[in-house]
2 protein chains.
Amino acid sequence: MASNVSITPWEAEAFVDYDKLIKVFGTKPLTDEDLKLVESIVGEVHFMLRRKVFYSHRDFDEFLRRYARGERVALYTGRGPSSHTHLGHILPWIFTKWLQDKLGLELFFQLTDDEKFWHEHRYKLEETNSMAYENALDIIALGFDPKKTHLIIDSEDIRYLYPIAIRVARKITVSTNKAVFGFTDSTNIGMMFYPSLQIAVCFLPSELYGEPTMVLIPAGIDQDPYWRIARDIAPSLGYPKPAQIHNKLLPGLGVGGKMSSSKPETAIYTVDDIETAKRKIMKAYTGGQPTAELQRKLGGNPDSCPVFKMMEMLLVEDDAFVRKHYERCRSGQILCGECKTIVAELVAKFLEEHKRRREQARDLLPRFLLRNKFDPPPIKR
Amino acid sequence: MASNVSITPWEAEAFVDYDKLIKVFGTKPLTDEDLKLVESIVGEVHFMLRRKVFYSHRDFDEFLRRYARGERVALYTGRGPSSHTHLGHILPWIFTKWLQDKLGLELFFQLTDDEKFWHEHRYKLEETNSMAYENALDIIALGFDPKKTHLIIDSEDIRYLYPIAIRVARKITVSTNKAVFGFTDSTNIGMMFYPSLQIAVCFLPSELYGEPTMVLIPAGIDQDPYWRIARDIAPSLGYPKPAQIHNKLLPGLGVGGKMSSSKPETAIYTVDDIETAKRKIMKAYTGGQPTAELQRKLGGNPDSCPVFKMMEMLLVEDDAFVRKHYERCRSGQILCGECKTIVAELVAKFLEEHKRRREQARDLLPRFLLRNKFDPPPIKR
């Protein structure tokens, strides 16, 4: 699919040519005009939009216009619960929460314990299922509205997805899945069926509310193959095409690559204790020069530095602060050690608050479960 | 798979060489020794066993021995609800009910409205789902014990199957499905996933009762591909292998072929009115000679006559009656018209009673639905 760019739902880089990705995936770059539309409708522009952390979309503008016209719309995102939550996961959720807060939207959040079990044979189902509940605590800790946020755990909430997934699955052949996802004849039939479940959530709000409800999906572009199929088949099933907005992937703290559970030393988990998190930051690869002398002389490279990116993409809303920090790095006025100390403190502050709220989340969980709030969609239509 | 014999879950003949099928499928012929085992445990032998209407099996003897040792066992069969029920469908259900009555066994009955929707694109899901409920009335009308008979309608009861199907699906590749079912890359991903749902029911009783529970599946041998996979993967999932007992297919009333909804004029439906059913019998193809004169001289061929087979395989329990009728036909003492009149009356009698009970079944239905009696199986084990 993505000729020279390795971007699939199971493999994605962080420092990539995002303009090229837009071309390869055939999405639209987020333009200044789009941001003006956001400003006119929302009243402000989130820093992740200003900084093009979200950089690409499909029908984000149409989604906003539908909202502005008073049509029903909803948010949808998800998580494959293969590990504890790290900061790379949280990035799009923070933006999603902002959209919920500003526009008063309902959010459907899918936790795909089935897919992770199918994809990674080392896990038992009870492990990916337990991890779904762990991840749920992080979602709740971010402050989503329990009345408007609906968690779906695939293995247990299948009856909400299946009546839709049955109709979706008849529209997708093995050939399509091979072409879109790179599946082969050695792929297990769970993985082969799975796209129908991730796509089903695009259409679930329309079924639950009994009226056409366009969803906007904030997520990495690595998930785009699902939405391409979803958009292809939506009209024939009588649903609006789902809109997407794509975020850049938060870099890991090592050399290159996204923050990933496959390299735990380069990822900051919400369950890391504060000292561990700080230590990971202090040991991080940076865009700095080999010596302090050279750094003062040549300056650092914040654009390829995961420590700076953590500040810019995730932790600091204040543009002036970030710009000043960027310039001090570029001009050699700040060394990596100092910078790391600043970011380590920012991370510590974030984690302390998050951990406190994460503990409270256990009691709030039942209020977030879809199954406690809705009846399954009907078979008859 | 079945080199020269066309037997798949979607295509099966009636007048075939059953000895050859046993070889091709690698099953065991039902022997006189097996029937002695039945007699010793059940206390009697059903006429469908005596007449080898059930002719082949896998581990039927082991199933009986487990029962005799006091181990928990259960029955499982099913129906793809693509049409109203005809007498060919009912044949194995009558035998299944006998087993339930004699051994006091619980029966899990799967109605696969999802699979029929995936397989036959002319249907809407609400149509196959509605037909599942129509078929359910026929099952109930046969007199199964509501306390011990549990109907599963896939699209609505998926949460009972899915926790098991997830584990089953990881064990099956696309390659396996292609080899076993003849699927191709053009197959939709619903059909591709479906075997994990039909197989899941083999293991559902073990999950619901919390102890290893071998199931016996009375059904046509065309369903055997599912059970071969089920038996392959059962040990690695910690379940007993399912046992099967295979019935011959009731011939349709035309020239060759099983009774099939694809040829409605050659099938007797439970919803046919009595006069329509009688007319279909009177118009049936038979094993008779071209003229009454030749028939009296040469005799008929009851072995290849669908009218005689309906009496022998389904309608008449009395061996002496059937044997006498067979001999009168072979010796030309009875003409096809007379024989048809007798069988038409037998069919009418059966249908009258069935229709009466089928109407009462509507009120009984809730007592048969699995969802009204059990909680879904746990994710954790």
Can you confirm whether segment A:90-109 contains a residue that is farther than 24 Å from A:VAL73 by Cβ and more than 14 Å from chain B (Cβ to nearest Cβ)?
no
Which condition does A:CYS329 not pass, out of (1) more than 23 Å from the chain's Cα centre (by Cα); (2) farther than 15 Å from A:THR286 by Cα, if it passes all the others?
(2)
Quickly run through segment B:201-233 and pick out the residues that are of a type outside the set (S, T, N, Q), farther than 21 Å from B:HIS89 by Cα and not in a helix (DSSP H, G or I).
B:GLY210, B:GLU211, B:PRO212, B:MET214
Picked from segment B:337-360 (must be of a type in the set (A, V, I, L, M) and surrounded by fewer than 19 Cβ atoms within 10 Å (Cβ to Cβ)), the residue farthest from B:CYS305 (Cα to Cα) is B:ALA348
Tally the residues that are out of contact with any Lys or Arg (no Cβ under 9 Å at 6 or more places or on another chain) and either surrounded by 21 or more Cβ atoms within 10 Å (Cβ to Cβ) or touching a residue at least 12 places away in the same chain (Cβ under 8 Å) (or both), restricting the search to segment B:310-330.
9
Of all residues in segment A:194-212 being within 14 Å of chain B (Cβ to nearest Cβ) and in contact (Cβ under 8 Å) with a residue 40 or more places away in the chain, which is surrounded by the fewest Cβ atoms within 10 Å (Cβ to Cβ)?
A:GLU207
Is there a residue being free of Cβ contacts under 8 Å to residues at least 40 places away in the same chain and not in a helix (DSSP H, G or I) anywhere in segment A:355-377?
yes
Residue by residue through segment B:114-128, note down the ones that are facing chain A (nearest Cβ under 8 Å) and either in a loop (DSSP other than H, G, I, E, B) or buried (at least 24 other Cβ atoms within 10 Å of the Cβ) (or both).
B:ASP114, B:PHE117, B:TRP118, B:HIS121
Within segment B:285-297, residues being within 15 Å of B:LYS340 (Cβ to Cβ) and assigned to a helix (DSSP H, G or I) number 2
With the structure loaded, tell me whether B:GLY300 is surrounded by 12 or more Cβ atoms within 10 Å (Cβ to Cβ), in contact (Cβ under 8 Å) with a residue 12 or more places away in the chain, at negative phi and not in a helix (DSSP H, G or I) or whether it fails that test.
yes
What number of residues within segment A:1-34 are modelled with pLDDT of 85 or more and farther than 25 Å from A:LYS116 by Cβ?
16
Tabulated pairs, segment A:54-82, first modelled with pLDDT of 95 or more, second among the small types (Gly, Ala, Ser) and in a helix (DSSP H, G or I), C-beta under 6 angstrom, 6+ apart or interchain:
A:PRO81/A:ALA132
Hits in segment B:91-103 (condition: of a type outside the set (S, T, N, Q) and more than 20 Å from B:SER56 (Cβ to Cβ))
B:LYS97, B:ASP101, B:LYS102, B:LEU103
Over segment A:300-322, the set of residues among the aliphatic types (A, V, I, L, M) and either over 13 Å from A:LEU49 (Cα atoms) or in contact with a strand residue (DSSP E or B) (Cβ under 8 Å, 6 or more places away or on another chain) (or both) is A:VAL307, A:MET310, A:MET311, A:LEU315, A:VAL316, A:ALA320, A:VAL322
Taking the residues in segment A:234-284 that are of a type in the set (S, T, N, Q) and not in a loop (DSSP other than H, G, I, E, B) as candidates, determine which candidate is farthest from A:GLY78 (Cα to Cα).
A:THR276
Condition first: of a type in the set (A, V, I, L, M, F, W, C) and over 29 Å from B:PHE193 (Cα atoms). Now tell me which residues in segment A:69-106 satisfy that.
A:VAL73, A:ALA74, A:LEU87, A:ILE90, A:LEU91, A:TRP93, A:ILE94, A:PHE95, A:TRP98, A:LEU99, A:LEU103, A:LEU105
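The values are calculated or read from the model by the stated rules, or taken from the named source; none is laboratory data. What you are looking at is a predicted structure, and each value in this text was computed from that prediction instead of being measured. Using ideal geometry, Cβ is built from the backbone for each residue, glycine included, and neighbour counts are taken over all protein chains shown.
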